[in-house]
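A.B. asks: Quick one: the structure is below, questions incoming.
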Amino acid sequence: MAEKQLRVLVADDIASNRTIVGAFLAHLNCTPIYATDGVEAVQLFRQEAPDVVLMDLMMPRMDGFEAIKQIRAMADDQWVPIIILSALSGEGDVVHGLDIGADDYLTKPLSFPVFAARFKALRRLLDMQRRLSGALEQVRAVANGVIDGLVSADEQGTILSVNRAATHIFGYTANEMVGQNLRMLMPSPYREAHDSYLQRYRDTGVKRLVGSIRELTGVRKDGSQFPLELGVSDITLPNRRMFIGVVRDVS
């Protein structure tokens with residue numbers, strides 16, 4: 001299977017440096033996108049959505065440190081590797097560059113064998129990320145194809161994800177639900193008692209809802225109440241526990 005050609009944003013104000021890095025990238029099956037300073041690097045990142053960013057630090061108009069901050073803010077949940085290529089080799093520069101969001105730091109003049117080895121390792125990580133993203137998209141597609149509502153939450157009752165059916169049942173968008181507490185979907189007095197139920201379950205393991213299907217009352221965004229069937233399962237992961245609720249509107 002042919003290796004995917006990566007699009008690489010190269011930000012450096014010196015033309016000869018860009019030429020050298022471009023030649024390195026050509027040997028690694030990559031397409032360079034050139035920026036001559038930090039401002040142009042940020043603009044091109046927004047326009048071109050590159051796979052990898054190679055960032056010089058000492059540039060006019062906007063230095064590499066500030067450009068990295070802005071690019072990291074734009075990337076949001078999508079991981080785009082940023083490698084600093086700089087003549088600055090002091091410990092403080094390296095630490096600061098990694099602290100603000102860079103993933104690696106290479107000093108100039110560049111060694112092609114070292115550059116190639118680091119880049120190949122980076123490509124392996126990107127390939128793993130893409131496979132994981134593809135698997136998650138498949139899971140999301142399956143969840144959205146389910147007729148019943150699916151709601152996942154953490155041990156504190158914070159909603160982690162919802163499927164399309166759940167948004168239709170409760171009348172919220174996914175963005176309005178994710179990050180909020182499950183209490184928002186319950187009427188009083190269950191809303192006020194929900195936190196203490198979760199605390200008791202965490203402390204004692206005694207189940208009231210988990211592992212069973214019960215008929216309860218839900219609350220839609222418009223405030224209207226309706227009967228629903230709820231089945232809750234808990235999932236124990238290596239570093240946390242999650243709850244999965246299956247909701248059916250039975251009004």
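A.B. asks: Over the stretch 1-62, average the accessible area per residue using a 1.4 Å probe and give it in Å², no decimals. Mind showing how you got there, number by number?
C.D. replies: On the way: 3030 Å² over 62 residues.
Computed with neighbouring chains in place, this is 49 Å² per residue.
A.B. asks: Once each part is reduced to its C-alpha centroid, what is the distance from the stretch 140-161 to the stretch 167-196 in angstrom?
C.D. replies: Cα centroid to Cα centroid, the span is 12 Å.
A.B. asks: Could you look at the chain and say what percent of its accessible area is carbon and sulfur, using a 1.4 Å probe and all protein chains?
C.D. replies: Working: 7560 of 13890 Å².
C and S fraction of accessible area: 54 percent.
A.B. asks: Using θ = phi - 60° and the Karplus form 6.51 cos²θ - 1.76 cosθ + 1.60, what ³J(HN,Hα) does each residue of the stretch 43-59 get, whole Hz, x for Gly and Pro?
C.D. replies: 4, 5, 4, 5, 7, 9, 6, x, 7, 9, 10, 10, 10, 6, 9, 8, 9
A.B. asks: Also, I was wondering about something else. Going by alpha carbons, how many degrees (0 to 90, nearest 10) lie between the helix axis of 190-204 and the longest principal axis of the chain?
C.D. replies: 70 degrees
A.B. asks: For the stretch 102-174, with every protein chain kept in place, what is the accessible area per residue (1.4 Å probe, Å²)? Walk me through the intermediate numbers first.
C.D. replies: Values: 4060 Å² over 73 residues.
In whole numbers, the stretch 102-174 has 56 Å² accessible per residue.
A.B. asks: Give the angle, between 0 and 90 degrees and rounded to the nearest 10, that separates the Cα long axis of helix 112-145 from the longest principal axis of the Cα atoms of the chain.
C.D. replies: The angle comes out at about 20 degrees.
A.B. asks: If you don't mind, another one. Sorted by mean Cβ packing within 10 Å, highest first, what order do the peptides 106-118, 149-161 take? List each step's numbers first, then the result.
C.D. replies: Details: 106-118: 13.4, 149-161: 17.7.
Packing order, densest peptide first, comes out as 149-161, 106-118.
A.B. asks: Now for a different question. As a test of the formula, what do you get for the chain when each DSSP H run with n ≥ 4 contributes -39,500 (n - 2.57) and the sum is divided by the residue count, at 222 nm and rounded to the nearest 500 deg cm²/dmol? Provide the component values of the computation, followed by the final result.
C.D. replies: On the way: 8 runs with 105 residues, N = 251.
Helix contribution divided over all residues of the chain: -13500 deg cm²/dmol.
A.B. asks: Looking at the chain as a GNM with Cα springs under 10 Å, which of Ile68, Ile20, Ile82 has the largest mean-square fluctuation?
C.D. replies: Looking only at Ile68, Ile20, Ile82, the largest GNM fluctuation is found for Ile20.
A.B. asks: I want the antiparallel fraction of DSSP beta bridges within the chain, as a percent rounded to 5. The partial results should precede the final answer.
C.D. replies: Numbers: 26 of 44 bridges.
The antiparallel proportion sits near 60 percent.
A.B. asks: For the stretch 68-88 and the stretch 212-251, write down the distance between their C-alpha centroids in whole Å.
C.D. replies: Computed from Cα coordinates, the inter-centre distance equals 39 Å.
A.B. asks: Now, a different point. With log10 I(q)/I(0) by the Debye sum over Cα atoms at q = 0.10, 0.13 Å⁻¹ defined as stated, name the option among (i) -0.68, -0.85; (ii) -0.47, -0.81; (iii) -0.63, -1.05 computed from the structure displayed.
C.D. replies: (i)
A.B. asks: Okay, next question. Collect residues whose amide H, placed 1.01 Å from N in the peptide plane, falls under 5 Å from the amide H of Ile33; neighbours closer than 5 in sequence don't count.
C.D. replies: Val8, Leu9, Val10
The values are calculated or read from the model by the stated rules, or taken from the named source; none is laboratory data. Fair warning: this is a prediction, and the values are worked out from it, not measured in the lab. Here Cβ is always computed from backbone atoms with ideal geometry, including for glycine, and neighbour counts include all displayed protein chains. The protein model used for the area step is the full one, side chains on, heavy atoms only, and it has no ligands, DNA or RNA in it. Shrake-Rupley method; radii C 1.70, N 1.55, O 1.52, S 1.80 Å.
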